[in-house]
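The values are calculated or read from the model by the stated rules, or taken from the named source; none is laboratory data. Only a predicted model underlies this, so the values are computations on that prediction, with no experimental measurement involved. For neighbour counting, all protein chains shown are included, and Cβ atoms are generated from backbone atoms with ideal geometry for every residue, glycine included.
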């Protein structure tokens, strides 16, 4: 092989490596940049929504996986969870004043807060009152923020609030919207780790 041909092959090889590296470090195409203040204001306007996906619960060194669907209409919510979480299938229906947990169409347990209700009935606490905000990458507006961080695109990435640490690792663009919403969220406190993977967003309900 002559030197010119060898040089061209070497140049082509390193050129491919360079292009691959550039592609790797490019901003993910699904991420939309917005100043964090503007993004937070837009997210605060979302009052009605429905989300679906999977969740995993790690508690007492045991990990379980389930499916969930969450519908929020202003302050009213319905959370359906189905899977092996020792629960088969449950429905949590509530508002800021009261909450009900349904195991069957006839078995209903009532409480004043969803956190106490899930702790009593499931053995672990689901922070429903906070998740309705956290799931949109918003801090709970009525609670103190211990720490908060945003990335270069204006996304909320890390939040500490009400004894929980919340991390956002992936976002998904919304059709017809100029913002994206969280796709993968991890909630953690001293006793439990909850991971949410959201596969469906519906903001048109």
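For residue 148, the criteria (1) over 18 Å from the mean Cα position of the chain (by Cα); (2) surrounded by fewer than 17 Cβ atoms within 10 Å (Cβ to Cβ) hold in every case but one, which is (1). Quick one: count up the residues across the range 141-190 that are part of a loop (DSSP other than H, G, I, E, B) and closer than 20 Å to residue 31 by Cα. Number satisfying all stated conditions: 11.
The rows are residues; the columns are (1) closer than 19 Å to residue 39 by Cα; (2) out of contact with any strand residue (DSSP E or B) (no Cβ under 6 Å at 6 or more places or on another chain); (3) modelled with pLDDT under 95.
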site: 145; (1), (2), (3): yes, no, no
site: 148; (1), (2), (3): yes, no, no
site: 158; (1), (2), (3): yes, no, no
site: 161; (1), (2), (3): no, no, no
site: 171; (1), (2), (3): yes, no, yes
site: 175; (1), (2), (3): yes, yes, yes
site: 180; (1), (2), (3): yes, no, yes
site: 185; (1), (2), (3): yes, no, no
site: 191; (1), (2), (3): no, yes, yes
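Annotation: of all residues in the range 160-178 being within 14 Å of residue 135 (Cβ to Cβ) and touching a residue at least 24 places away in the same chain (Cβ under 8 Å), the one that is surrounded by the most Cβ atoms within 10 Å (Cβ to Cβ) is 166.
Counting just the residues of the range 131-140 that are in a loop (DSSP other than H, G, I, E, B) and free of Cβ contacts under 8 Å to residues at least 60 places away in the same chain, which one comes out surrounded by the fewest Cβ atoms within 10 Å (Cβ to Cβ)?
By that ranking, first place goes to 140.
Among all residues of the range 191-202, there is none that is without any contact (Cβ under 8 Å) to a residue 40 or more places away in the chain and not in a strand (DSSP E or B). In this structure, residue 156 does satisfy being surrounded by 13 or more Cβ atoms within 10 Å (Cβ to Cβ) and in contact (Cβ under 8 Å) with a residue 40 or more places away in the chain. Looking only at the range 119-130, which residues are within 21 Å of residue 71 (Cβ to Cβ) and without any contact (Cβ under 8 Å) to a residue 60 or more places away in the chain? Scanning the range 119-130 gives 121, 122, 128, 129, 130.
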